[in-house]
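Undergrad: To start, I am sharing the structure in question, which I have written as structure tokens.
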Amino acid sequence: MKNTSIALFSVLFLLVIGLYVIHFSGNKSHVSGKSSAGNGGENSELSIAYIKVDSLAVNYDFAQEMHDSFVKQQEAFTKEYGEKRSRFESQAADFQEKLQRGGFLSQERAMQERDRLMGEEQQITKLDQELSTKLAQIQADNNKQLLDSIMNYVKIYNKDKKFKYIFNSAEILVGDEAYNITKEILVGLNARYSKSRLK
């Protein structure tokens, strides 16, 4: 079964959240205001900030918990597939050995066993596809939950800050650290998540 690595999980997460953040930052209805991340905090025509989304993905407690859960499910699926595949390979080897030493009472019986093994191999291939599909769906669901959580918090955060644009730093080649609100967002996200777990 194909191993879904943390790198793939992170890349997919970053790509999807990048789209959400870009979509959100494209909202031009925000009122211009003082930027806590700006130099001097003066009013400006264009108040902007950016978030290092990869840092959020690594340090957000909710993201870590979901990743750990995903890894456990992946390991369980891999174990299930591996056990069935190993059992099949053992049976196939026994069949080959029995066939070579003439251990079947008739050719018809040998063909029946061959057909049974072929059917079992098809079932194992189908299981591999099903488990891979399940993992992909779990990953997609996790990404959606994380995006919803982050976007919800960013919108709440921006009600007070009133940034006109909040960018995903993956799209920014050079950025003034004064406009980097990643730590503020991360602290807020983790505090909110910690509080929600106590309820």
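The values are calculated or read from the model by the stated rules, or taken from the named source; none is laboratory data. Computed from a predicted structure; not experimentally measured. Neighbour counts are summed over all protein chains in view; Cβ atoms, including those assigned to glycine, are modelled from backbone coordinates with ideal geometry.
Undergrad: From the list 110, 140, pick out the single residue that is surrounded by 13 or more Cβ atoms within 10 Å (Cβ to Cβ), under 30 Å from residue 85 (Cβ atoms) and either in contact with a strand residue (DSSP E or B) (Cβ under 7 Å, 6 or more places away or on another chain) or small (Gly, Ala, Ser) (or both).
TA: The match here is 110.
Undergrad: Is it the case that the range 126-134 has a residue that's over 30 Å from residue 84 (Cα atoms) and either charged (D, E, K, R) or within 20 Å of the chain's Cα centre (by Cα) (or both)?
TA: no
Undergrad: Residue pairs, Cβ under 7 Å, 6 or more apart or interchain, first in the range 86-100 and more than 16 Å from residue 111 (Cβ to Cβ), second among the hydrophobic types (A, V, I, L, M, F, W, C). List them.
TA: 88/124
Undergrad: Pick out the one residue from 130, 120 that is of a type in the set (D, E, K, R) and in contact (Cβ under 8 Å) with a residue 12 or more places away in the chain.
TA: Of 130, 120, the one residue that is of a type in the set (D, E, K, R) and in contact (Cβ under 8 Å) with a residue 12 or more places away in the chain is 120.
Undergrad: Considering only the range 154-162, I want to know if a residue exists there that is hydroxyl-bearing (Ser, Thr, Tyr) and part of a helix (DSSP H, G or I).
TA: Scanning the range 154-162, I find at least one residue that is hydroxyl-bearing (Ser, Thr, Tyr) and part of a helix (DSSP H, G or I), so the answer is yes.
Undergrad: Here's something else I'd like to know. So, in the range 163-199, of the ones that are in contact with a strand residue (DSSP E or B) (Cβ under 8 Å, 6 or more places away or on another chain) and part of a helix (DSSP H, G or I), which residue ends up modelled with the lowest pLDDT?
TA: So, considering only residues that are in contact with a strand residue (DSSP E or B) (Cβ under 8 Å, 6 or more places away or on another chain) and part of a helix (DSSP H, G or I), the one modelled with the lowest pLDDT is 169.
Undergrad: Here are 66, 118: which of them is in a helix (DSSP H, G or I), of a type in the set (A, V, I, L, M, F, W, C) and loosely packed, with under 12 Cβ neighbours inside 10 Å?
TA: Exactly one of 66, 118 is in a helix (DSSP H, G or I), of a type in the set (A, V, I, L, M, F, W, C) and loosely packed, with under 12 Cβ neighbours inside 10 Å, namely 118.
Undergrad: For residue 93, work out the one condition from (1) of a type in the set (A, V, I, L, M, F, W, C); (2) surrounded by 14 or more Cβ atoms within 10 Å (Cβ to Cβ); (3) out of contact with any helix residue (DSSP H, G or I) (no Cβ under 9 Å at 6 or more places or on another chain) it doesn't fulfil.
TA: For residue 93, the failing item is (2).
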